[in-house]
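The values are calculated or read from the model by the stated rules, or taken from the named source; none is laboratory data. This one's a predicted model, so the numbers in the text were calculated from it and none came from an experiment. For neighbour counting, all protein chains shown are included, and Cβ atoms are generated from backbone atoms with ideal geometry for every residue, glycine included. With ligands, DNA and RNA removed, areas are computed over all heavy atoms of the protein, side chains included. Shrake-Rupley method; radii C 1.70, N 1.55, O 1.52, S 1.80 Å.
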Amino acid sequence: MEQKRNRTKGKRRELLHKILDNLPNRDFKFITVKMICDAADISVGTFYHYFGDKSGLIPEMFALMDDHVEHVIQPKLKRQRALDDYVSFCHGIAAYMSGMHVSKVKLLYEFVPGFSSEIEENRPFYQAVRRIITDGQARGQIRLELDPDRIAQMTVIILRGHCYDWIRHEGGYDLIEYVDRFSRLFIVSLQENK
């Protein structure tokens, strides 16, 4: 059963990449399933089998981001200086988003699923920031009076805001540089005063 689930997940991801690579560059609400399938050269039946409808692409895009956080960004964190890890994490998210075409990032913002706070807090994106803060507090690098969950929430909101502004400007500036600059400023407020 687990093996079949993994094969299905793998096939869904393979199809998602193919779809995203070929998705027509227009407003998602005007794109039909047939247009998606024609552009990606897949059958309509296959699409419906794996995604249900076109809105089924969105949770899968978030799952791709979560996988990227777990398998690419988190392994790069050194876990020695929490503030450096915080900047690296934010940099990794900005690099991931700017590596996607602006039109694909817009999809995430047009159809952001109504995650409950419980679901949001269990996503790797949120958990990675929370872990950075709690590790930094344990090492005396981050102020103890700061609530790790609140910092994680603020970080998610701030990064989403930066990405939203970037897509509003059609990717017209360097998102990575913008986020790097902000995260370096933000960590000053987190530092333990010695």
message: Here are the criteria: (1) surrounded by fewer than 17 Cβ atoms within 10 Å (Cβ to Cβ); (2) over 16 Å from VAL69 (Cα atoms). Tell me which single one PHE186 does not satisfy.
response: (1)
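Out of the stretch 31-64, which residues are on the phi > 0 side of the Ramachandran plot and touching a residue at least 12 places away in the same chain (Cβ under 8 Å)?
Filtering the stretch 31-64 for residues on the phi > 0 side of the Ramachandran plot gives 41, 52.
The answer is ASP41, and nothing else.
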- line: Result of the Cβ filter at 7 Å on the stretch 102-114, keeping first residues that are within 11 Å of SER55 (Cα to Cα) and partners that are at pLDDT 75 or above and small (Gly, Ala, Ser), at least 6 apart or interchain, is PHE111/SER55
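Does GLU70 count as without any contact (Cβ under 8 Å) to a residue 60 or more places away in the chain, farther than 30 Å from GLN141 by Cα and open to solvent by 40 Å² or more (accessible area, probe 1.4 Å)?
Details: without any contact (Cβ under 8 Å) to a residue 60 or more places away in the chain: yes; farther than 30 Å from GLN141 by Cα: no; open to solvent by 40 Å² or more (accessible area, probe 1.4 Å): yes.
Against the criterion (without any contact (Cβ under 8 Å) to a residue 60 or more places away in the chain, farther than 30 Å from GLN141 by Cα and open to solvent by 40 Å² or more (accessible area, probe 1.4 Å)), GLU70 does not qualify.
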- prompt: Within the stretch 131-159, how many residues are assigned to a loop (DSSP other than H, G, I, E, B) and farther than 30 Å from TYR109 by Cβ?
  reply: 6
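Based on this model, can you work out whether ALA128 counts as more than 30 Å from ASN193 (Cβ to Cβ) and either in a helix (DSSP H, G or I) or under 20 Å from the mean Cα position of the chain (by Cα) (or both)? Reasoning before the result, please.
Values: more than 30 Å from ASN193 (Cβ to Cβ): no; either in a helix (DSSP H, G or I) or under 20 Å from the mean Cα position of the chain (by Cα) (or both): yes.
Taking the combined requirement at face value, the residue does not satisfy it.
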